[in-house]
1. Out of the stretch 162-203, which residues are in contact (Cβ under 8 Å) with a residue 60 or more places away in the chain, assigned to a helix (DSSP H, G or I) and over 24 Å from Phe275 (Cβ atoms)?
2. Got a sec? Which of Asp304, Asp258 is open to solvent by 50 Å² or more (accessible area, probe 1.4 Å) and either farther than 18 Å from Ile113 by Cβ or of a type outside the set (Lys, Arg) (or both)?
3. Name every residue in the stretch 137-164 that is closer than 18 Å to Gly180 by Cβ and of a type in the set (A, V, I, L, M), in order of residue number.
4. Which of the residues spanning the stretch 307-331 are surrounded by fewer than 15 Cβ atoms within 10 Å (Cβ to Cβ) and among the small types (Gly, Ala, Ser)?
5. Could you check, for the stretch 261-282, whether at least one of its residues is open to solvent by less than 20 Å² (accessible area, probe 1.4 Å) and in contact with a strand residue (DSSP E or B) (Cβ under 7 Å, 6 or more places away or on another chain)?
6. Go through the stretch 64-89 and give me each residue that's of a type in the set (A, V, I, L, M) and under 17 Å from the mean Cα position of the chain (by Cα).
7. Consider Leu288 carefully, then state whether it is open to solvent by less than 50 Å² (accessible area, probe 1.4 Å), among the hydrophobic types (A, V, I, L, M, F, W, C), in contact with a helix residue (DSSP H, G or I) (Cβ under 6 Å, 6 or more places away or on another chain) and not in a helix (DSSP H, G or I).
8. Of everything in the stretch 103-117, what is crowded, with 19+ Cβ neighbours inside 10 Å and either farther than 21 Å from Val305 by Cα or in contact with a Cys (Cβ under 6 Å, 6 or more places away or on another chain) (or both)? Give them in sequence order.
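The values are calculated or read from the model by the stated rules, or taken from the named source; none is laboratory data. Note that this is a predicted model, so its numbers are computed, not measured. Here the Cβ positions follow ideal geometry from the backbone for every residue, glycine too, while neighbour counts run over all protein chains shown. Just so you know, the surface numbers come from the protein's heavy atoms only, side chains and all, with ligands and any DNA or RNA stripped out. Shrake-Rupley method; radii C 1.70, N 1.55, O 1.52, S 1.80 Å.
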Amino acid sequence: MTLHYPAGLSRRRFLQAGLGASLGLGLNLGAGNLLAAPLSPDTVLRVASYKGDASSFYKDVGAGDFPYRVNYAEFAGGNLIVEAISGGSIDLGGMSEIPPIFSVQSGAPLKLIAVLRGDVNNQVLLVPPQSTVRDVAELKGLRVGYVRSTTSHYLLLRFLKEKGLSFADIKPVSLSPQDGLAAFQSGQLDAWVIYGPLIQLARKQGARIVKTGLGYLSGNYLLAAHTKAIADPARHAAIGDYLLRERKVYEWINRNPDAYATKLAQITGLPKWLFDEQRKLQSQPTVLVAVDDAAVRSQQQVADVFTDNKVLDRRIDVSGLWDRSFNSVLA
């Protein structure tokens, strides 16, 4: 996955509050939410970022005055962030529900600590302008592009199953988003399951949406942290504080869509109208929330679909991936 600029943006982080941060942000946290460990400039939080994600907007919302050090590393996809957390080079990072599922078999030292609920209409099944396809059932025997081990892959499996089809009934073509766009534009694909601003680029050239992720995707993007960072009182406190700042960014984005789209266009080099259009079509505003049973069940459903389709060689129990120690902060 590379071009991941979600509508509310698929990217996310974390926190829990120390007294100084709660006063500085005016968040009015109760005494029961304060952590024993103080926030300190000696604490270093290593955070994965995407181009144009929430970390680009902290100063816009007055939340960039961290009382600890934040070191950012930019990544192109959630699978790479999972690898970085597993390798110990990153403390925090965001991704879809899918990359952590594949980390279970390797015993990766990460936990899912919060949920970013966002748009599902920015993930779709597209067909070219000249296509006569109006229904997923008509994909039988056709060349269908997708991005392996992402929500694109999962969505295609769900679409096909609903019509009694599987990958054996189509000609699946696994491509990166950019390669998929080139193949789609040149006529090498009959259909394409894709996400993000590439949808608007393709539609500008006449592509048609057959189906969106609404009713098939949860809209959950997950925030993950290294187990050592969670266990360390100083970094746990910093993660808690970071989460609240992240949530403040998404609240600002929901109130200021035009300012958000303007700056995002400047950061990414993509035209503003792409983000304006994305915003108009979004299924729901983006909110950062605590872990709940529904989020765990949703990820389990995704894992089971991959198992049923032999993408995973055995059933994965995702319940052990989750950590609720930040729930009191995000309540």
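1. Phe167
2. Asp258
3. Passing the criteria: Leu139, Leu142, Val144, Val147, Leu155, Leu156, Leu157, Leu160.
4. Ser319, Gly320, Ala331 - these are the residues of the stretch 307-331 that are surrounded by fewer than 15 Cβ atoms within 10 Å (Cβ to Cβ) and among the small types (Gly, Ala, Ser).
5. Among the residues of the stretch 261-282, not one is open to solvent by less than 20 Å² (accessible area, probe 1.4 Å) and in contact with a strand residue (DSSP E or B) (Cβ under 7 Å, 6 or more places away or on another chain), which makes the answer no.
6. Selection gives Ala73, Ala76, Leu80, Ile81, Val82, Ala84, Ile85.
7. yes
8. The answer is Ala108, Leu110, Lys111, Ile113, Ala114, Leu116.
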